1. GNM, the chain, Cα, under 10 Å: largest mean-square fluctuation among ASN391, ASN83, ASN318?
2. Please check: in the Gaussian network model of the chain (C-alpha springs, under 10 Å), which one of THR33, THR390, THR171 has the largest mean-square fluctuation.
3. Before rounding to the nearest 500, sum -39500 (n - 2.57) across all DSSP H runs of length at least 4 in the chain and divide by the residue total; then give [θ] at 222 nm in deg cm²/dmol.
4. Name the residues whose placed amide hydrogens come within less than 5 Å of the amide hydrogen of VAL39, ignoring near sequence neighbours (fewer than 5 apart) on the same chain.
5. With angles folded into 0 to 90 degrees, how steeply does helix 148-164 sit against the dominant principal axis of the chain? Use alpha carbons for both and round to 10.
6. Tell me the angle of helix 270-279 to the major Cα principal axis of the chain, expressed in degrees between 0 and 90 and rounded to the nearest ten.
7. Check which residues have an amide H placed less than 5 Å from VAL282's amide H, if you skip close sequence neighbours.
8. Between rounded, prolate and oblate, where does region 306-404 land on the alpha carbon gyration tensor, with a ≥ b ≥ c its root eigenvalues, rounded for a/c under 1.5, else prolate if a/b exceeds b/c?
Amino acid sequence: MSAAVLWHHARLATLVPDAQDGWGLIDDGAILTAGDTIVWVGAYRDRPESARAARPGDLGGLLVTPGLIDCHTHLVYGGHRANEAEMRLEGASYEAIARAGGGIRSSVTATRSATDDALLTMASRRAQALMREGVTTLEIKSGYGLSLEAEARSLRVARTIGRTLPVDVRTTFLGAHAVPPEYAGRADDYIAAVCEWLPVLHREGMVDAVDAFCETIGFTPAQTRRVFDAARALGLPVKLHAEQLSDQRGAVLAAEFDALSCDHLEYLGSDGIAAMQAAGTVAVLLPGAFYMLRETRVPPIAALREAGVPMAVATDHNPGTSPGLSLLLSAHMSCIFFRLTPLEAIRGITQHAAQALGLRDRGVLAAGLRADFAAFDVAHPNELAYWFGTNPCRRVVAAGVERV
C-alpha cells in the first residue's frame, strides 16, 4: 500500500452518525491512511492484514477526533475596531455605530489601504492561531473590500493561505456585506455591481460559495435574492447572514435556493426553521458575536433540535463583532450561552461544520474520507467543550500528513 501509515495508540472519537454512544468512541483505536485518505478505522486488535506493511504512527495515547472545521470566518482584513468595542461599552449600539460610518465600512477603509503582503501576513497569523487548536478546514469570506479589485485581492489572499499553509481553505464571496462609501444611498446600484463582479471572480476560480448580509443595516431580501439569482446562474451554492438583529425572513429566502447554511439566527422564526429543515440547510451558530455584542436573545436551539436541523458552530472571526481566534472557545460558549450539549458542540465544529460548507469527505473518522484528524490531551471529547483558556491540541494530521 503506497504511503500507508497506521496511526495507533489512541482513543478515537469517530463521531460517525450512527454511533450508539453518540461519540463513536474506540479505545485503543487505530486509523490506517494511504496518502490523503482514510482506509480503515477501528480497534488496533482488528487492524487489517494490509496494515502490517504500513509505517507506524504512535499517537501517544491521546484522544483523536476528526480535524476541526471553522465554517464561518472573515480572516482577511486590515486594521482592527477596538475603539468601536469601547464605544459599545460606553452605550453606543452596533447599529448606531454602523449608521455613523463605523462598523464594516471602517474595516473597508483599512483593508483597501493595506498592501497585499500585509493582508496575507495578518490573515496567515490568524489562520495559524486556529490551526494550532486542530483546525484542518477553514472557510474565509471576502467582504471588506467592496470593490471588484479589493474583493478579488481578498479572495486571492485567502486562496494563497490554502496553498502556503497545511489547511484546506474554502473561499466565500461576500460582496453583499455592506454598501461602500462610493455607493452611499445607492444600495440597488451596488447590488447590480456585485452581481456583475461575481462571474468575473468565478471565472478566475476564486469563489466556492456566495454569501450576503440580509439585515436592516445590510441588504433587503429583494436585494439578497438578486445576488442569489446571480450565484445560481453560475451553479454556485449560497450561504446567508440571517436573522442576527431582526427577522427579515432571510432563512426562508435562503432555503428557496437550497442554501448550505444560514448563520447567526438569533431572531429566526418558525417559518425559517421549517424552510431550513426542508432544504437541508445547516444552522451555523456564532456565539462569539453574541458574546461581543452582549446580546440577550438566544437562537431557537430547542426548536432547531426538534426539527432536526443540523447545528454547526464557528468563530465568525472578524474585526468588529467577534475578534476571537479559538474554535474550542466557540464550542464552549455554544454550550454556556446556547445550551448545546457537548456532543452537539463538537459535532458542530466537525461533522455539521463540514456539511455547512458542502463537504461530504470529512467531519467524521471513517474509511474513504479525507485523512484529517487532531489529537488532544484529554480523556473524553466532552472536555473539549469544557476547558477554556488553554489549548489541549497536541498533534494534527491534515490530508494524511502530520503538521510540524
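The values are calculated or read from the model by the stated rules, or taken from the named source; none is laboratory data. Being a predicted model, the structure only gives us computed values, none of them experimental. No Cβ is skipped: glycine too gets one built from the backbone with ideal geometry, and neighbour counts run over all protein chains shown. We work out accessible area using only protein heavy atoms, side chains counted, and drop any ligands, DNA or RNA first. Shrake-Rupley method; radii C 1.70, N 1.55, O 1.52, S 1.80 Å.
1. Evaluated over the chain, the most mobile residue of the options is ASN83.
2. THR390
3. On the way: 14 runs with 142 residues, N = 404.
The per-residue figure over the chain is -10500 deg cm²/dmol.
4. Those lying under 5 Å, H to H, from VAL39 are LEU32, THR33, ALA34, GLY368.
5. 10 degrees
6. On a 0 to 90 degree scale, this one is about 50.
7. Correct list: SER261, CYS262.
8. On the way: a/c = 1.44, a/b = 1.18, b/c = 1.22.
Verdict is rounded for region 306-404.
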